[in-house]
1. Need pairs with beta-carbon distance below 7 Å; first residue basic (Lys, Arg) and within the stretch 237-254, second assigned to a helix (DSSP H, G or I) and within 16 Å of ligand 2 (Cβ to nearest atom); sequence gap 6+ or separate chains.
2. Does MET88 satisfy being within 28 Å of LYS22 (Cα to Cα), modelled with pLDDT of 95 or more, more than 16 Å from ligand 1 (Cβ to nearest atom) and touching a Leu at 6+ places or on another chain (Cβ under 7 Å)?
3. Looking at LYS3, is it under 29 Å from TYR152 (Cα atoms), in contact with a strand residue (DSSP E or B) (Cβ under 7 Å, 6 or more places away or on another chain) and either within 16 Å of ligand 1 (Cβ to nearest atom) or not in a strand (DSSP E or B) (or both)?
4. Looking at the stretch 164-172, is at least one residue in contact with a Leu (Cβ under 6 Å, 6 or more places away or on another chain), within 15 Å of ligand 1 (Cβ to nearest atom) and either free of Cβ contacts under 8 Å to residues at least 24 places away in the same chain or within 30 Å of PHE120 (Cα to Cα) (or both)?
5. Report yes if some residue within the stretch 212-227 is within 16 Å of ligand 2 (Cβ to nearest atom), in contact (Cβ under 8 Å) with a residue 60 or more places away in the chain and charged (D, E, K, R); otherwise report no.
6. With respect to the numbered conditions (1) more than 13 Å from ARG115 (Cβ to Cβ); (2) within 16 Å of ligand 2 (Cβ to nearest atom), which one is the sole condition not fulfilled by ARG166?
7. When you check THR175 against the structure, is it of a type in the set (Ser, Thr, Tyr) and within 16 Å of ligand 1 (Cβ to nearest atom), yes or no?
8. Consider ALA240 carefully, then state whether it is surrounded by fewer than 17 Cβ atoms within 10 Å (Cβ to Cβ) and closer than 25 Å to PRO61 by Cα.
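The values are calculated or read from the model by the stated rules, or taken from the named source; none is laboratory data. Given the structure is predicted, the values throughout are model-derived calculations rather than measurements. FYI the Cβ positions are ideal-geometry reconstructions off the backbone, even for glycines, and counts take in every protein chain you see.
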Amino acid sequence: GEKLLVQELAFPTINELFGLPKGKIIVAGPCAVESEKELDAVARSLKECGVRFLRGGAFKPRTSPYDFQGLGEEGMKIIDRVRRRYDMLAVSEIMDVRDIELGMRYTDVIQVGARNMQNFSLLKELGRIDFPVVLKRGMMTTVREFLLATEYIVSGGNQKVILCERGIRTFEDSTRNTLDIACIPLVKTQSSLPILVDLSHSLGRKDIALPVARAALACGADGLMLEVHNHPRDAKCDKAQQMDLTEFRTFLEQLNKREDDA
Ligand code: PEP
Ligand code: MN
């Protein structure tokens, strides 16, 4: 196909975008913002572990309209208070162009979820702002389509884009999605875009998160996204994949140990 801007531009690294020292990024936090108390407890613990990016959805794209849809604007205000309390950078999804202003006011990074990767009107609007965006790969999309979706944002003038591979749908049902590990070097050979790997939504489970995380980083991923909840069993969504605080701390220790040994 024709040469794309995403193939030619020099994109800022995640560390450059936020003035952070070099190193892999961890974005962690609950699937959804359920209450200020819950988010506060998770954020405090993550901060102690050295995590800089706090995630948590206020607008939840649920398969069933009868499932918990998120706290909406109130959830965004909770994220804002908690990020300030712990001096963390907040990442949260919006699904509608009408919520871009809320995203810019209350978070540091607007997330576009997998289901909206090809919501082209949303992508075009995000291209018109000067604000970091995490764009997750659609679960039924090719790497080329992922890059073309990115092109919608970048061609509008916003180069603050971070990609996120979160698995694609295949016949394999041992994991929630199939993590396409090849996506990382494919993106890296075609562009300078930063890319994260979301272990939680790729796998839908946490028992194999550590080896898969190592593979993702070995493939050149700039960081990882993980769901962490105070009491995963009582979580309002994605119970099976959310780590509790102890599991997360152990995961991080193991991951760092390996890096130091290497
Ligand atoms: C999320 O990160 O909260 C989420 C819903 O993930 P995805 O869009 O990848 O399914
Ligand atoms: Mn989730």
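1. Final answer for the pair search is LYS239/PRO232; LYS239/ARG233.
2. yes
3. no
4. Within the stretch 164-172, one or more residues are in contact with a Leu (Cβ under 6 Å, 6 or more places away or on another chain), within 15 Å of ligand 1 (Cβ to nearest atom) and either free of Cβ contacts under 8 Å to residues at least 24 places away in the same chain or within 30 Å of PHE120 (Cα to Cα) (or both).
5. The answer is yes, given that some residue of the stretch 212-227 is within 16 Å of ligand 2 (Cβ to nearest atom), in contact (Cβ under 8 Å) with a residue 60 or more places away in the chain and charged (D, E, K, R).
6. Status for ARG166: all satisfied but (1).
7. yes
8. The answer is yes for ALA240.
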